[in-house]
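**Student:** Got a structure for you, written out below as structure tokens; questions coming shortly.
Readers should treat all values here as calculations from the given coordinates under stated rules, not as data from a laboratory. Every value quoted in this text rests on a predicted model; they were computed, and no experiment measured them. Cβ coordinates were reconstructed from backbone atoms using ideal geometry, including for glycine residues, and neighbour counts include every protein chain displayed.
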Amino acid sequence: MAEIGSSAFRKSSIVSVTVPSGVKTIGDSAFRECENLSSVTVSEGVETIVQNAFRACKSLSSIVLPASIEEVGASAFFQCTAMTSAAFAPGSKRVRLGENLFTQCYYLMRVTLPKSIDCISNGMFQNCLMLPGVSIPQGAESIGMSAFASCSAFTAVVIPDSVETIGMAAFASCPLENIYFTGTKEQWNSIGKSADTMQAVSKAQIHYNYVPAPAPDPDEGDDNDNNNGDNSGGGTGDGDNPGSGGNGGGNNPGNGGGQQSEQMPFAKGKTFTVGQFTYKVTKAGAEAELTTSKSTASKVTIQTVTGTDGVKYKVTSIGAKAMQNNRQMTSLTIGADVKKIGKSAFNGCRKLGKVKIKSKKLSSVGKQAFKGTKSGMKVKVPSKQLKKYRKMLKKAGIKVKQVTK
């Protein structure tokens, strides 16, 4: 059987299906409105998925398409309202993607596109309300009309320098914060954009000459938000250092070491774990807060960290109770980007006797942040901030005489 015919199983009560390798084409509306269909396996060898093939399969939660796929037709997964992830297996073929492909997949949160596509088609991700961002592969020549319209969680996008036009309303009603463009500023300015698109992108920060992180294999691992791999940073602090492991510079977020869990920078609110430290993104692709730690090291440095997305994040805040009751830490270095230390952040760290604050930007220290630390603990701060920091740290449980420059 080379083809599953048009409407072959439409509105049936089928729960799961495996499309065998001998099938080359899944026909128009073949599984359309199979509302109980929750599991679909498409075998290597399938080349074409025709329009509406899985439209309104409202129990289908994920899909992985094989490297043999050459074309996916319009609205193939339209209104798959339970779908949370969609991925194309790595392959060398250029894949044609139809219009409204994932429209109204309200819970779609993770997408891995083919290595090569012709375009982001009209309405391709329209009304994907939970989608935080997409990495568009090199080779795509256009972003169609309303491609990401009304994606209310969409804060970041990777756009290749192969793109020549961005259509009307492509990012309409998107809270777009960061655009990662693989070309130069001059190339970006040469892209044809409608007036409303120019207004939408003007609100975002554009990072030029971006180098995308390597794409993951969608068959490996799971969809957990936190990737607890071997990427624990490679900073220069002593002991347990949740530091930087990337090699990016300037506006290039860089490619960090370790397994990448996504192809693009994390959206605001995303959490990730590096080594014994967990962070929450406070500014997409740029800044994060240290929220919790399971560190058992005696010496800890808090500074820029490379996330599991391969992007460098400045650690600008230390959350409330982030390292409370740590019984092993004796020495702490707080990096130059930290602006805020939360309430009880280091409360009960009774062996902590030495703190060095490198930051000149510190604006607040929460109550009891250092209460219960070692008696006589010494705190070293930048000389020009001595008076200001003494006042702030006094409220946190540190005596004035303990703070020196």
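**Student:** On a 19 Å Cα-Cα criterion, which of the cross-link pairs LYS268/LYS358; LYS356/LYS401; LYS314/LYS405; LYS358/LYS387; LYS294/LYS351; LYS299/LYS367 come out too long?
**Tutor:** Pairs exceeding 19 Å: LYS268/LYS358; LYS314/LYS405; LYS299/LYS367.
**Student:** Moving to a separate point now. Taking the Cα centre as origin and putting +1 on Lys and Arg beta-carbons and -1 on Asp and Glu beta-carbons, what dipole magnitude results for the chain, to the nearest 20 debye? Intermediate results must be reported in sequence, preceding the final value.
**Tutor:** Details: 49 positive and 30 negative charges, 981 e Å.
For the chain, the charge dipole is close to 4720 debye.
**Student:** Ok, one more. Taking the Cα atoms of the chain, what is the range of coordinates along each of the three principal axes, in descending order and whole Å?
**Tutor:** 81, 45, 31
**Student:** Now a separate question. Using only Cα atoms, what is the ratio of the radius of gyration of the range 258-405 to 2.2 N^0.38 Å?
**Tutor:** 1.03
**Student:** Once the dipole of the range 1-127 is set up with Lys and Arg at +1 and Asp and Glu at -1 on Cβ about the Cα centre, which of ASN52, VAL15, ALA82 lies farthest towards its positive end?
**Tutor:** ALA82
**Student:** Would you mind getting me the FRET efficiency between ALA153 and ALA195? Use the beta-carbon distance for r and R0 = 22 Å, nearest 0.05.
**Tutor:** 0.35
**Student:** Through the Karplus equation 6.51 cos²θ - 1.76 cosθ + 1.60, θ set to phi - 60°, convert the phi angles of the range 332-344 into ³J(HN,Hα) values in whole Hz; use x for Gly and Pro.
**Tutor:** For the range 332-344, the Karplus-derived couplings read 9, 10, 9, x, 6, 9, 6, 10, 9, 10, x, 4, 6 Hz, x marking Gly and Pro.
**Student:** Next question, about the same structure. Give me the three principal axis extents of the range 75-180 from the C-alpha atoms, as integers in angstrom, largest value leading.
**Tutor:** Taking the Cα atoms of the range 75-180, the three principal extents are 29, 25, 20 Å.
**Student:** To continue, here is another question. Taking only C-alpha pairs under 8 Å that are 6+ residues apart, what is the relative contact order of the range 299-405 in percent? Can you show the working numbers first?
**Tutor:** Working: 273 pairs, mean separation 23.3, N = 107.
Relative contact order, the range 299-405: 22 percent.
**Student:** Further question: List nothing, just return the count: lysine pairs in the range 57-207, 8 or more apart or interchain, with Cα separation under 25 Å.
**Tutor:** 6
**Student:** Please state, rounded to one decimal and in Å, the Kirkwood hydrodynamic radius that the range 1-221 gives when every pair of distinct Cα atoms enters the mean of 1/r.
**Tutor:** Answer for the range 1-221: a Kirkwood hydrodynamic radius of 17.5 Å.
**Student:** What's the FRET efficiency of SER61 with LYS371 using the Cβ-Cβ distance as r and R₀ = 41 Å, to the nearest 0.05? Present the calculation step by step, with values, prior to reporting the outcome.
**Tutor:** Values: r = 46 Å, r/R0 = 1.13.
E between SER61 and LYS371, to the nearest 0.05, is 0.30.
**Student:** By how many nm would the segment from LYS24 to SER39 grow when fully extended, if each residue of separation counts as 0.36 nm and the alpha-carbon distance is taken off?
**Tutor:** Length gained, LYS24 through SER39: 3.5 nm.
**Student:** Let me ask something additional. In percent, how large is the relative contact order of the chain, given Cα pairs closer than 8 Å and 6 or more residues apart?
**Tutor:** 7
**Student:** Taking the range 56-132, which trypsin sites (Lys or Arg not before Pro) meet the DSSP loop condition and have no more than 13 other C-beta atoms within 10 Å? Mind dumping the intermediate values first?
**Tutor:** Working: sites: LYS58, LYS93, ARG94, ARG96, ARG110, LYS115; in loops: LYS58, LYS93, LYS115.
Qualifying residues, ordered by number: none.
**Student:** Under 13 Å from a label point 7 Å along Cα→Cβ of LYS93: give me every residue in the range 6-46 with its amide N that close.
**Tutor:** 21-26, 43-46
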